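The values are calculated or read from the model by the stated rules, or taken from the named source; none is laboratory data. Worth saying up front: this structure is predicted, and the values here are computed from it rather than measured. Note that we place each Cβ from the backbone using ideal geometry, even for glycine, and neighbour counts take in every protein chain shown. Please note that ligands, DNA and RNA were not included when accessible areas were found on the heavy atoms of the full protein model with its side chains. Shrake-Rupley method; radii C 1.70, N 1.55, O 1.52, S 1.80 Å.
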Amino acid sequence: MYTHITETANWLKQKMPNAPKTAIILGTGLGHLAEKIEKLAAIPYADIPHFPVSTVEGHHGQLIFGKLGGKDVMAMEGRFHYYEGYSMKEVTFPIRVMYELGITTLYVSNASGGTNEAFSIGDIMFITDHINFMPENPLHGPNVPTGPRFPDMSEAYDKKLLALADKVAAEKGYKVQHGVYLATQGPTFETPSEYRMFARLGADAVGMSTVPEVIVAHHCGIRCFGVSVITDLGVGDKIEKVTHEEVQRAANAAQPRMAAIIEEMIRRFEA
Ligand code: HPA
């Protein structure tokens, strides 16, 4: 596996027009940020040796290199989800490659269902911590020596980045929430009883991504910032039918605010 990672990284180093320290995973809710990136190169996943290929609707599947907020960035337009059938090693393969390319800061976004009664659809939630409710840990197997066998997880989401995010949101006058993100395998959304259970376990939002990538990035010493758009509510009598289309629609409404926050954070943060 690691030979594949270094082969992919070496291939990309030949193609990279810049040497970014910042990476972004443009999940649901951040797709439009791609338009703000001054693109220097866009490489379809299908052209990158050993890269998995994305299958989900609404995800393009390419790696973008360019400038955002005056900094060199690389961005994944489309990510790999465990529910699609990829192994955890495949889901987190791009993170290992990012580490080999010299990435030190990662911004990641997702859509999620709010389990906190104080949340509303369309809210932006900065992720303060997570609960890994997926059936596997991406670090399962022989330890890759980018980090220890038993990694500390007391600060998986970097406090400095979180403080900066709060400052930027306050300056822009955006109301934001803070909360714990719980990741399930998916692809089912939750039953009302499952939402209730997750709320009791300490989750403020539930989704199907992000946690594997953050675990591996953290193991590589990459600082992480995560943000969720609350696209539906798993709260008592507010529970309604959820569809992928509604999730997309609610996420689209939050896109401009999400994009503005991330762009400004990148401008100010010395990665
Ligand atoms: N549950 C899980 N994943 C999700 C949800 C949800 O309610 N909304 C968007 N992604």
Of (1) touching a residue at least 60 places away in the same chain (Cβ under 8 Å); (2) of a type outside the set (Val, Ile, Thr); (3) surrounded by fewer than 22 Cβ atoms within 10 Å (Cβ to Cβ); (4) closer than 24 Å to ALA170 by Cα, GLY236 satisfies every one except (4)
Conditions (1) open to solvent by 60 Å² or more (accessible area, probe 1.4 Å); (2) in contact with a His (Cβ under 8 Å, 6 or more places away or on another chain); (3) within 16 Å of the ligand (Cβ to nearest atom) -> MET153 fails only (3)
Test: residue in region 111-119 that is closer than 18 Å to HIS50 by Cβ and of a type in the set (Asp, Glu): no
When every residue in region 227-242 that is within 10 Å of the ligand (Cβ to nearest atom) and of a type outside the set (Asp, Glu) is compared, the one modelled with the lowest pLDDT is ILE239
For region 111-132, pairs from a residue that is over 18 Å from ALA183 (Cα atoms) to a residue that is charged (D, E, K, R) and open to solvent by less than 20 Å² (accessible area, probe 1.4 Å), with Cβ under 9 Å and 6 or more apart or across chains, are ILE121/ASP232
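Looking only at region 195-204, count how many residues are in contact with a Gly (Cβ under 9 Å, 6 or more places away or on another chain), closer than 23 Å to SER109 by Cα and more than 8 Å from the ligand (Cβ to nearest atom).
4
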THR243: passes all of (1) closer than 15 Å to ALA34 by Cβ; (2) free of Cβ contacts under 8 Å to residues at least 12 places away in the same chain but (1)
Pairs returned, first residue in region 177-192 that is in contact (Cβ under 8 Å) with a residue 60 or more places away in the chain, second residue that is within 8 Å of the ligand (Cβ to nearest atom) and charged (D, E, K, R), beta-carbon separation under 8 angstrom, 6 or more apart or interchain, are PHE189/ASP232
Per the filter on region 117-136, residues open to solvent by 40 Å² or more (accessible area, probe 1.4 Å) and of a type in the set (D, E, K, R) are GLU117, ASP129, GLU136
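Looking for whichever is crowded, with 24+ Cβ neighbours inside 10 Å and either more than 11 Å from the ligand (Cβ to nearest atom) or at pLDDT 95 or above (or both) here; the options are ALA169, ALA183. Which one fits?
After applying the criteria, what remains is ALA183.
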ALA203 fails exactly one of (1) part of a loop (DSSP other than H, G, I, E, B); (2) within 27 Å of MET88 (Cβ to Cβ); (3) open to solvent by 10 Å² or more (accessible area, probe 1.4 Å), namely (3)
TODO: Determine if region 118-140 includes at least one residue that is at positive phi, in contact with a helix residue (DSSP H, G or I) (Cβ under 6 Å, 6 or more places away or on another chain) and within 16 Å of the ligand (Cβ to nearest atom).
DONE: yes
Counting only helices (runs of 4 or more DSSP H) entirely within region 1-116, those with at least 2 residues that are modelled with pLDDT of 90 or more, in contact with a strand residue (DSSP E or B) (Cβ under 9 Å, 6 or more places away or on another chain) and open to solvent by less than 30 Å² (accessible area, probe 1.4 Å) are 93-101
| Scanning for something at negative phi, in contact (Cβ under 8 Å) with a residue 24 or more places away in the chain, within 15 Å of the ligand (Cβ to nearest atom) and open to solvent by less than 10 Å² (accessible area, probe 1.4 Å), does region 212-226 turn up at least one residue? | yes
